[in-house]
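Below is one structure; the comments refer to it alone.
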Amino acid sequence: MSWIQEAELNPVERLCASILKVGPMPEHVAFIMDGNRRYAQKCRVERQQGHSQGFEKLAETLRWCLNLNIREVTVYAFSIENFKRSKEEVDGLMELARQKFTRLLEEQENLKKHGVCIRVLGNLTLLPVDIQELIAQAVLATQSYNKCFLNVCFAYTSRHEITSAVREMALGVEEGLLKPSDLSESLLSRCLYSSSSPDPDLLIRTSGEVRLSDFLLWQVRS
């Protein structure tokens, strides 16, 4: 399935979109993609099929965001903690990532049409080299687009993001580029993976669970 669906909204969807646009619209929406395994168990299908269905729902969601003129979307696709799952499931998720980032590279005209800039946030060194290369190609191919932004958090946890930011500031002090008095909340924010993005206006967890699961803890603290 395509990352950016071209299908027009049906009459009921257009009506809903029109109603939503009457009120204030968020500039940046973040999604914790969750519930795929429970969906698979409930429907008695393989976990991999549950994850694939989850991606299809993401594509539908991105279509809505484009139609509602939401400029930025951040999705929690894969946590560093997910590496603790069974080898079979992790390998399946890595294969799904290969397929989807390969598909993304095949959709250059569509991404250019909508001006979608792709960013991938996380500790990408934890990923297989071929997936790192696919991600790099996707990011470089869309880096000049600026109508809307899709941030994919992959091999990510907020604790790792914050730790990396603190380490970067400490290195700046150690090398004499910063003074201890320069350290501040504002500087830490500029050292985060998400430094190019405004904080999310809305955070949605798709499964209905009420947990942040180590996602954007600094950015959604208010």
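The values are calculated or read from the model by the stated rules, or taken from the named source; none is laboratory data. It should be emphasised that the depicted structure is a prediction, and the values quoted were computed from it without experimental measurement. A quick note on method: Cβ atoms are made from the backbone with ideal geometry, for glycine too, and the neighbour counts reach across all protein chains shown.
Quick look at the numbers
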read-out: Helices (runs of 4 or more DSSP H) wholly inside region 110-222 that include at least 3 residues being closer than 22 Å to Leu58 by Cα; value: 129-142
read-out: Set Ser186, Ser197: member being of a type in the set (Gly, Ala, Ser) and surrounded by 13 or more Cβ atoms within 10 Å (Cβ to Cβ); value: Ser197
read-out: Cβ pairs under 6 Å, 6+ apart, first in region 62-86 and farther than 17 Å from Phe154 by Cα, second modelled with pLDDT of 90 or more and surrounded by fewer than 17 Cβ atoms within 10 Å (Cβ to Cβ); value: Arg71/Glu27
read-out: Qualifying residues in region 94-116 (those that are free of Cβ contacts under 8 Å to residues at least 60 places away in the same chain and buried (at least 20 other Cβ atoms within 10 Å of the Cβ)) - the one nearest to Met33 (Cα to Cα); value: Ala97
read-out: Condition broken by Asp214, with the remaining ones in (1) among the acidic types (Asp, Glu); (2) farther than 24 Å from Asn82 by Cβ; (3) surrounded by 15 or more Cβ atoms within 10 Å (Cβ to Cβ) satisfied; value: (2)
read-out: Flag if Ser158 is polar (S, T, N, Q) and loosely packed, with under 14 Cβ neighbours inside 10 Å; value: no
read-out: Of all residues in region 77-93 being over 24 Å from Ser194 (Cα atoms) and not acidic (Asp, Glu), the one that is surrounded by the most Cβ atoms within 10 Å (Cβ to Cβ); value: Gly92
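For every residue, the table says whether it meets (1) of a type in the set (Lys, Arg); (2) at pLDDT below 95; (3) touching a strand residue (DSSP E or B) at 6+ places or on another chain (Cβ under 7 Å).
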residue	(1), (2), (3)
Arg159	yes, no, no
Pro180	no, yes, no
Ile204	no, yes, yes
Ser207	no, yes, no
